[in-house]
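The values are calculated or read from the model by the stated rules, or taken from the named source; none is laboratory data. Model, not experiment: these values are computed from the prediction. When we count neighbours, we look across all protein chains shown, and the Cβ atoms used for this are built from the backbone with ideal geometry, even at glycine.
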Protein chains: 2
Amino acid sequence: MKQSSLCPKFEKGMQLLGKRWTGLILYQLLSGPQRFCAIEEALPISGRLLSERLKDLEKEGLVHRHVYTDSAPVRVEYSLTEKGLALEPVILGIEKWSQTWIELE
Amino acid sequence: MKQSSLCPKFEKGMQLLGKRWTGLILYQLLSGPQRFCAIEEALPISGRLLSERLKDLEKEGLVHRHVYTDSAPVRVEYSLTEKGLALEPVILGIEKWSQTWIELE
DNA sequence: TAATTTGGTTACATTTCGTCAGTAAGTATA
DNA sequence: TATACTTACTGACGAAATGTAACCAAATTA
């Protein structure tokens, strides 16, 4: 791959958001902490990829993972960290832009 | 693929931005109309994919393509449409977020 | 005539995605 | 006791997207 004169931080940030599902997962978590299956039901994503993306987002520090071992089948809850929450205006901006400019066939 | 209860406009908007290179190409065009080779040099993207992405963006109405046939080797200039320019605050928001929150290894 | 430039396209190997099946641990049902 | 069920995953496999490199047409310059 070629190298660019781009700011590497910006490039990495774009690489995060410019990955399929990432934006929608963050959007979903904006409405509050949620369990794995809740996110899976809200988005048209398969469990396999959701698991993969959440692992990425956790590694990048945008999402926090909490396991409830007390209850019957293990329940796992995901929530936004401060870093993830800081993306709220960006994501809501995309939502607003979509409402204004996107037209469906 | 499963169906979701998401707003289809938002879903489509995210699908656009959540595609590799799209964000960086739009960012590059924010600094003004540019020729194919200028974008190619500014970003770590190959000509093959740049051509593909610009075709998508033109089809979606975010980018305008103008061919200069008068000059020697054909020159093609790309610029943002009003729809594309409307994404400026979003893209600059991602840039700002990256500066603040991204850390490099 | 040969080499260069621009904006691509084609070919092909690698990577990622989507779908489906299966797993572990504990619970409820028959 | 055996079976089925739930949650949160993981593995396998074909399909689609990506990265790399080579090639092309048209006009220009050396």
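Scanning the stretch B:24-34 for any residue that is more than 30 Å from A:Gly61 (Cα to Cα) and assigned to a strand (DSSP E or B) turns up at least one such residue. Could you please let me know if B:Asp56 is over 25 Å from A:Glu105 (Cβ atoms) and either away from chain A (no Cβ under 12 Å) or within 9 Å of DNA strand D (Cβ to nearest atom) (or both)? Taking the combined requirement at face value, the residue does not satisfy it. Looking at the stretch A:10-33, which of its residues are in contact with an Asp or Glu (Cβ under 8 Å, 6 or more places away or on another chain) and facing chain B (nearest Cβ under 7 Å)? A:Phe10, A:Gly13, A:Lys19, A:Thr22, A:Leu24 - these are the residues of the stretch A:10-33 that are in contact with an Asp or Glu (Cβ under 8 Å, 6 or more places away or on another chain) and facing chain B (nearest Cβ under 7 Å). With respect to the stated conditions, A:Leu49 is within 14 Å of DNA strand D (Cβ to nearest atom), within 12 Å of chain B (Cβ to nearest Cβ), over 21 Å from A:Lys96 (Cα atoms) and at pLDDT 95 or above.
Answer yes if at least one residue in the stretch A:5-13 is assigned to a loop (DSSP other than H, G, I, E, B) and small (Gly, Ala, Ser), and no otherwise.
Of the stretch A:5-13, the ones assigned to a loop (DSSP other than H, G, I, E, B) are A:5-7.
From what's left, small (Gly, Ala, Ser): A:5.
For the stretch A:5-13, residues assigned to a loop (DSSP other than H, G, I, E, B) and small (Gly, Ala, Ser): present.
Going by the structure shown, is B:Glu77 in a loop (DSSP other than H, G, I, E, B), away from DNA strand D (no atom under 16 Å from the Cβ) and more than 9 Å from every other protein chain (Cβ to nearest Cβ)? Judged against the criteria, B:Glu77 is not a match.
For the stretch B:40-51, the count of residues that are part of a strand (DSSP E or B), among the hydroxyl-bearing types (Ser, Thr, Tyr) and surrounded by fewer than 19 Cβ atoms within 10 Å (Cβ to Cβ) is zero. Regarding A:Lys2, is this residue assigned to a loop (DSSP other than H, G, I, E, B) and either more than 12 Å from chain B (Cβ to nearest Cβ) or surrounded by 14 or more Cβ atoms within 10 Å (Cβ to Cβ) (or both)? No, not satisfied.
Among the residues of the stretch B:52-105 satisfying the criterion of being small (Gly, Ala, Ser) and at pLDDT 95 or above, which is surrounded by the most Cβ atoms within 10 Å (Cβ to Cβ)? The qualifying residue surrounded by the most Cβ atoms within 10 Å (Cβ to Cβ) is B:Gly84.
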